1. Taking R0 as 25 Å, what FRET efficiency do you get between GLU45 and ASP147 from their Cβ-Cβ distance, rounded to the nearest 0.05?
2. Per residue and in Å³, how big is the convex hull formed by the alpha-carbon atoms of the chain?
3. For the residue pair ILE255 and ASP37, what label-to-label distance in nm results when each label sits 7 Å from Cα along the Cα-to-beta-carbon direction?
4. At 0.36 nm per residue, minus the direct Cα-Cα distance, what do LYS436 and LEU130 gain on full extension? Give it in nm, one decimal, please.
5. Run down the aspartates and glutamates and flag those whose C-alpha is under 14 Å from the C-alpha of LYS213, throwing out any fewer than 8 positions away in its chain.
6. In Å, what Rg and Dmax follow from the Cα atoms of the range 303-454?
7. Give me the distance between the Cα centres of the range 211-229 and the range 74-136, rounded to whole Å.
8. At 0.36 nm per residue, minus the direct Cα-Cα distance, what do PHE214 and SER413 gain on full extension? Give it in nm, one decimal, please.
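What follows is calculated from the coordinates using simple rules that are stated; it is not laboratory data. Note that the structure is a prediction, hence the values are computed from the model and not measured. Counting neighbours? That spans all protein chains shown, and the Cβs are built from the backbone with ideal geometry, glycine included.
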Amino acid sequence: MPATTFKTGIGLKKYHLRNLYSKQNNQVLAGISQIIDGCTESAVERFYNELTSFEKSKKFLSEQMVQDRLKNELKSWIEDVLSPKSETDIPTLIDKQYLIGEVHARIDIPMDLVDSAMFLIKHTVFLSILDSQLDKEMKNRAIILVDAILSASLAIIDQSYLKDLVENERIAQEYKGHVSAQEIALEIEGIKSQTYKWLSNLMAVLASNKEYKFRSINKDDVVLWIIHKLPQYVNKPSFLEPINDTVNQIEQIHIEISQNTENRSEAILLLQKKISELNFLLTEIANANLHESNQLDALSSLTERRFLDPIMQKETQIALQMQSRYSVIMADIDNFKLINDQFGHQVGDDVIKHVSKILKTNIRVSDYIFRYGGEEFLILLPETDLKTSIHIAEKLRQKLEQSIIETHQADKSLTVTCSLGVAEFANHPDYMQVIKRADEKLYQSKNNGKNQVSY
């Protein structure tokens, strides 16, 4: 007697879904195809009405996104899983369920909300089947089959989602320790210096009796850094609340100073005090991170690609919540293979280090830069629109083109160029969409002659 094979976890779910598309079940699906076509739109409408009624869904869904894209995607999914499948169709169908789970994990959509709203899809389809002209036996078979297929598909999505969610959380926690204490301390010292510079500029303008044009501190690089990068460094969320409160107090005092042209001295003293409090809190964070170890990319000293997912996920959530923009620049060193072949890999390493330094020193402290591949880099620009990002990309291209690379070989100095692609976040909760568009624009630059910016 052959040994019994036990299937567990996602393997069992795949096995179950595969068996649901038998010859007899495919006949049932073919028999209800018109019913499915007729009720899908109503089912999708009920699903998203339910999903968007939850407060916590607002961080990853917008009304425009639902109307423009997600309704059509869900409609296609229902029609796909509830249509007959041949044996050769099933692997592709299963892969699609995996992919949906991965996307849900990247978006960080709570699966309990999806599971809850899925009941309404089933309910709508069941009612349509019951109201049809099918005989009683066919109705029963159809309802049981639809329930089984939707449940099995959702089970694979849930399993894939949980697997990716756990991995994303592990990487996010690891990222909190990826920057050394020295790196954090230097960055914080730079931010503290900028706060005093901002205060000095404000006082100089006020002392000159010139008309003061108010510009919110929330647009300053200091606050952008606090919003977008500081949470990635902090192991204790309790550190963030007093910092955010202090920034809000600084902004309120700043507004008062801009509106009150007389008796500003007391408000300025209070502003100085709050700036000092903010810098004290930032120093505490630097001290608290002294035990952290350094896990930057060894060659480029840039953030490793493996930390990209939690950071992109967080920035996408911030952009959706604040209705703001971010942009992505993809950059690739031109003719890098030729450099390696002609001068050797040590010179190639010198080129990577040089390009990394040029890119890193010409972006804001609130921006992120990753070594994305061998000679490819990804730059994430929070709260930056496409027009500004194109300007930044062009500046980086020119800086690199004009620089001289000193190599380990005493008689060898080089110049290199870079091709760049730029894309702006377009309100899609899956951040891979904007990365893909930036990558496509990068290859457009490559194909059009290199050493240029495409957008």
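1. Once rounded, the FRET efficiency stands at 0.80.
2. Each residue corresponds to 218 Å³ of Cα convex hull volume.
3. Using points 7 Å along Cα→Cβ, the separation is 5.7 nm.
4. 105.8 nm
5. Cα-Cα hits under 14 Å: GLU256.
6. 15.6, 54
7. Cα centroid of the range 211-229 versus Cα centroid of the range 74-136: 45 Å apart.
8. Residue separation times 0.36 nm, minus the Cα-Cα distance, leaves 66.9 nm.
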